[in-house]
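To keep things clear, I will list the structure first and then write my remarks on it.
The values are calculated or read from the model by the stated rules, or taken from the named source; none is laboratory data. As the structure is a prediction and not an experimental result, all values here were calculated from the model. Every residue, glycine as well, gets a Cβ built from its backbone with ideal geometry; the counts of neighbours run over all protein chains shown. The area values use the complete protein model at the heavy-atom level, side chains included, leaving out ligands, DNA and RNA. Shrake-Rupley method; radii C 1.70, N 1.55, O 1.52, S 1.80 Å.
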Amino acid sequence: MPTLPSGTVTLLFTDIEGSTRLLQELGQEDYGEALIDHRRLLRQAFEQHNGVELRTEGDSFFVVFERAADAIEAAAQAKRSLQGRPVQVRIGIHTGEPMLVSHEDGYVGIDVHRAARIMSAGHGSQVLLSQATRDLLESSVELRDLGEHRLKDLLEPQRLYQLGRDEFPPPRSLRQTNLPPQPTPLVGRERELDELLELLRSHRLLTLTGTGGSGKTRLALQAAAELVEEFADGVWFVSLAALRDPALVEPTIAQTLGVKEPQTVFEHFRDRHALLLLDNFEQLLGAAAMLADLLQQALHTKVLVTSRTCLRIAGEQEYPVPPLVDEEAVALFVERARSVKPSFISDENVPEICRRIDSLPLAIELAAPRIRALTPQALLARLEQRLPLLTSHARDAPERQQTLRATIEWSYELLDEEEEVLLARLAVFSGSFDPEAAEAICDGELDALEGLIEKSLVHEAEDGRFFLLETIREFAAEQLDRCGQTLQLEDRHAGYFLDLAERASPALTGRDATFWLNRLAADYPNLRAALTSTRDSHQEELHARLAVALSRFWYAEGLASEGSGWLTPALAHAKRQGALRAGLLTGATYMAHLRGRWGEAAMLADERLAFYRRLDDPRGIAEALNDLGVAAGEDGQLERARRLLEQSLAVAREAGDEWMLVTCTLNLGYYALSEGDFESAAALSEDGVRSARSIGDQHGCAQGLGNAGLALLQLGDLDEARERLEQSLRLCRDHGFQAELATPLEGLAAIAASTGESEYAARLLGRAEAFREETGLQLPSFERGMHDRTVETLSHELGSVAFDEALASGTDMDLDEVIGVPRRSTSQAVANRSS
């Protein structure tokens, strides 16, 4: 065998696309001849360009080159030589520095996995290569940039290039999914993965069971990634690890997927072909009935669950996740050991180490980094001393859980004193946390945090935040209980996040609103934990203050049910009139607005109004009058709504409350639009936009520009209307105002319909309908009338079949197709149509 190159090398993988289908078409004899011919041609190309063949498996090749240019030339020759033949080969090429184990075992490492995944993303006769390979090629090589793609190895996105200019379907990459990228590739598990894929194709509910640390989550993520192309409406991951209350499972799913009330999770999935991955369900078994209802209502949706116990509901298929087999366990240990010590060489002690920790992936992840300081023999000796000393004596505790506990305890004992203290205190966090929070709540030093990260006890997320694996967090919580600091740390945790929420709440109406919404969303598991701890410890005032501070966040995120769930009991306890009760009333009013309960909203706002009038508080009076006006308007009492809003506007102006001035002005403009007073609607909306810009209220700008565009459209000033609507759309896109996107799209569709751009108009309507479906919002009465008129026009112009096709084609329309695209003067277009 030729000498294998080391250092920077280029790896090439090949595979036959549709080999099973080809076998059926050609028959066994002809297929065998075609396979032999394909191997001859490929080997000829590889040998002529200095490629070293490592192995052939079935109809696949793995070849390594010292030079990237040689690999590309070999791939080009292979592609040319197979033209006109029945065998269609896809080729993937990647350059890196994999570890050369030996001439017998070849290479290991992330680069090998990456090259194989690049090949898997291709189509027959297509050659794909990575950015790393592209950077080593001459500019004369004809390549096509395919952009960034998330591959099924779940590592970071990879920029792909195609050799040549041929047309192929998009690469087989992860698109409709939020599956989290992983820091390392999956090692082994080929048998389990194949079994899971088969089960998921034949069952609607599959539960992966096993002890903490058995690798359930990683295996489930990989199975889900493999199936993304098979679910038209995507594959979606929801982490439940931070939850303890089963009632929060449904709102957590809704928040993760962006389901806004009044739409429910059940309605969201009802007609969708989707896969939902729910991770860490074992502490939430009370929500199993909700999951059963979801499966009954959403007949095309499948659910993959990880849990330490099965859910025991109808239709469930359980899959116990076993430990790794010996070879896979050793391979995982070696790969993780080399990540901290590249020169590590496995010996006879490593298989025994893996057996002593039951070949559990988490146990291996914890043990392997110790190779930095210990030889395999010394590591094995330490395990000998500690494995018999089980920390759990519960008779019903699984043996592997006890073994894992011993492994974690041993890892804990290797920490220095500062690291031990910090790890225990970090158990107070739910979800993730940032270094500032760790320092403020836990008195955590940066060096100690870095030490815990290095020892694989704390992990870093993509966004720079940190988290503990759930098994580690449970162990750390026990240490915190033993030292009697749990209540003290929970109080500090609640105080810290109360301060965060109270700083964020007023900022949610200003120029930094987007930043603070994202900030609160990142820490929402901690905010939930603070709500729970203050409720359970009967700290009613702190609990109420936190609920008040989060009210605007719940409103912006559309979390009406959950917000009401916290605010209603807090309001029941806060019987004494005062600022705190008034704040709770305000939050409850927001939730009533979201849920369309206008009578309840009016009642809550009435009590606030009486309270603030007794205090002579102009800001409170103005906001209560505004909320009363909105409730009246949505109840069809437009004249009363205008009167109340005008009163609110006058109070806000006298008090100098700029945000309330913007809010009242925009609401007055909206109800003028509803009344048919389009000139007043345009003037009020434009005034509101100017005021919103002066205080940095981007959401107000988006609303005002949208309403101004609709008013100008009704007044016949189509060019100005389109400009306002496109500005509104741009703000909605850039700041994530999903619920507001439908209004400018509907207006632009009406303009396009009036100028003869019928197919484009129908596509805009399709995009607007898709956004309404995503948010669960309905068309207001004024926009409904405009929508119906546009549909009538387009159905007449296109015919019902063509209209439906154009409508469907617009559902995934890129907003860049709408924003900033030069179009002919609408006024001239209308004149041309009239003539």
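Remark: pairs (first residue in the range 756-775, under 21 Å from His268 (Cα atoms); second residue of a type in the set (S, T, N, Q) and modelled with pLDDT under 90; Cβ separation under 6 Å; 6+ apart in sequence or on different chains) = Gly766/Thr811; Ala770/Thr811; Thr775/Gln738. Screening Leu567 with (1) surrounded by fewer than 22 Cβ atoms within 10 Å (Cβ to Cβ); (2) in contact with a Gly (Cβ under 6 Å, 6 or more places away or on another chain); (3) free of Cβ contacts under 8 Å to residues at least 40 places away in the same chain gives one miss only, at (1). Taking the range 187-215 as the range and being open to solvent by less than 40 Å² (accessible area, probe 1.4 Å) and in contact with a Lys or Arg (Cβ under 6 Å, 6 or more places away or on another chain) as the test, the residues that pass are Leu208, Gly210, Thr211.
Inside the range 280-315, residues that are within 20 Å of Arg218 (Cβ to Cβ), open to solvent by 10 Å² or more (accessible area, probe 1.4 Å) and either assigned to a loop (DSSP other than H, G, I, E, B) or touching a helix residue (DSSP H, G or I) at 6+ places or on another chain (Cβ under 6 Å) (or both) make up a count of 4. Do you know which residues across the range 434-465 are of a type in the set (Gly, Ala, Ser) and in contact (Cβ under 8 Å) with a residue 24 or more places away in the chain? Once the filter is applied, which keeps residues that are of a type in the set (Gly, Ala, Ser) and in contact (Cβ under 8 Å) with a residue 24 or more places away in the chain, the range 434-465 yields Ala437, Ala438, Ala440, Ala448, Gly451, Ser456, Ala461, Gly464. For the range 60-78, the count of residues that are assigned to a strand (DSSP E or B) and surrounded by fewer than 17 Cβ atoms within 10 Å (Cβ to Cβ) is nonzero. Would you confirm whether or not the range 325-337 contains a residue that is within 30 Å of Glu282 (Cβ to Cβ), out of contact with any strand residue (DSSP E or B) (no Cβ under 8 Å at 6 or more places or on another chain), assigned to a loop (DSSP other than H, G, I, E, B) and at pLDDT below 90? Looking through the range 325-337, at least one residue is within 30 Å of Glu282 (Cβ to Cβ), out of contact with any strand residue (DSSP E or B) (no Cβ under 8 Å at 6 or more places or on another chain), assigned to a loop (DSSP other than H, G, I, E, B) and at pLDDT below 90. With respect to the conditions (1) small (Gly, Ala, Ser); (2) part of a helix (DSSP H, G or I); (3) under 30 Å from Ile345 (Cα atoms), Gly7 lacks only one, and its number is (2).
Tally time: how many residues in the range 110-122 are modelled with pLDDT of 90 or more and in a loop (DSSP other than H, G, I, E, B)? Here the count works out to 1.
Figure legend. Inter-residue proximity from the range 75-90: first residues touching a residue at least 24 places away in the same chain (Cβ under 8 Å), second residues of a type in the set (S, T, N, Q) and crowded, with 17+ Cβ neighbours inside 10 Å, beta-carbon distance below 6 Å, spacing 6+ or different chains. Indicated pairs: Gln88/Ser125; Val89/Thr14; Arg90/Gln126. Kindly check whether there is at least one residue in the range 561-578 that is part of a helix (DSSP H, G or I), over 26 Å from Ala513 (Cα atoms) and over 34 Å from the mean Cα position of the chain (by Cα). The answer is yes; a qualifying residue exists.
Determine whether the range 599-613 contains at least one residue that is farther than 22 Å from Ile253 by Cα, among the small types (Gly, Ala, Ser) and outside any helix (DSSP H, G or I). No - not one qualifying residue is present in the range 599-613. The selection criterion, being open to solvent by 40 Å² or more (accessible area, probe 1.4 Å), in a helix (DSSP H, G or I), polar (S, T, N, Q) and farther than 21 Å from Gln698 by Cβ, does not hold for Ser648.
Counting just the residues of the range 366-375 that are surrounded by fewer than 21 Cβ atoms within 10 Å (Cβ to Cβ) and of a type outside the set (A, V, I, L, M, F, W, C), which one comes out nearest to Ile453 (Cα to Cα)?
Of everything passing the filter in the range 366-375, Pro369 is nearest to Ile453 (Cα to Cα).
If you go through the range 1-57 one residue at a time, how many are closer than 26 Å to Arg134 by Cα and among the acidic types (Asp, Glu)? Total satisfying the criteria: 4.
So, of the residues in the range 338-352 that are assigned to a helix (DSSP H, G or I) and over 37 Å from the mean Cα position of the chain (by Cα), which turns out to be surrounded by the most Cβ atoms within 10 Å (Cβ to Cβ)?
The residue in question is Val350.
Restricting the first residue to the range 293-305 and requiring it to be over 13 Å from Leu227 (Cβ atoms), which pairs with a second residue that is of a type in the set (Lys, Arg) and open to solvent by 80 Å² or more (accessible area, probe 1.4 Å) meet a Cβ separation below 8 Å and a spacing of at least six or different chains? As it stands, the answer is Gln297/Arg270; Ala298/Arg270, since those pairs meet every condition given.
In the range 723-744, how many residues are modelled with pLDDT under 85 and under 15 Å from Val689 (Cβ atoms)? Total meeting the criteria: 4.
The residues of the range 694-721 that are in contact with a helix residue (DSSP H, G or I) (Cβ under 6 Å, 6 or more places away or on another chain) and open to solvent by 40 Å² or more (accessible area, probe 1.4 Å), listed by number, are Gln698, Gln703, Gln714, Leu715, Asp719, Glu720. Applying the criterion of being of a type in the set (Val, Ile, Thr) and not in a helix (DSSP H, G or I) to the residues of the range 27-59, the residue that is farthest from Gly106 (Cα to Cα) is Thr56.
Does Leu500 meet the test of being at pLDDT below 90 and out of contact with any Ser or Thr (no Cβ under 7 Å at 6 or more places or on another chain)? No. The residues listed here are Arg67, Arg90; of these, the one that is out of contact with any helix residue (DSSP H, G or I) (no Cβ under 7 Å at 6 or more places or on another chain), at pLDDT 90 or above and under 20 Å from Glu142 (Cα atoms) is Arg67. For Glu33, the conditions (1) open to solvent by 30 Å² or more (accessible area, probe 1.4 Å); (2) in contact (Cβ under 8 Å) with a residue 60 or more places away in the chain; (3) not hydroxyl-bearing (Ser, Thr, Tyr) are fulfilled apart from (2). Within the range 684-722, the set of residues being within 28 Å of Ala556 (Cβ to Cβ) and free of Cβ contacts under 8 Å to residues at least 12 places away in the same chain comprises Arg690, Arg693. Note on the range 485-543: among residues that are more than 24 Å from the chain's Cα centre (by Cα) and β-branched (Val, Ile, Thr), the one that is least open to solvent (accessible area, probe 1.4 Å) is Thr534.
Of the residues making up the range 9-26, those that are open to solvent by 20 Å² or more (accessible area, probe 1.4 Å) and over 30 Å from Asp111 (Cα atoms) number 5. If you go through the range 668-720 and keep only what is assigned to a helix (DSSP H, G or I) and of a type in the set (D, E, K, R), you end up with Glu675, Glu679, Glu686, Asp687, Arg690, Arg693, Asp719, Glu720.
Scanning the range 723-731 turns up no residue that is assigned to a helix (DSSP H, G or I) and in contact with an Asp or Glu (Cβ under 6 Å, 6 or more places away or on another chain).
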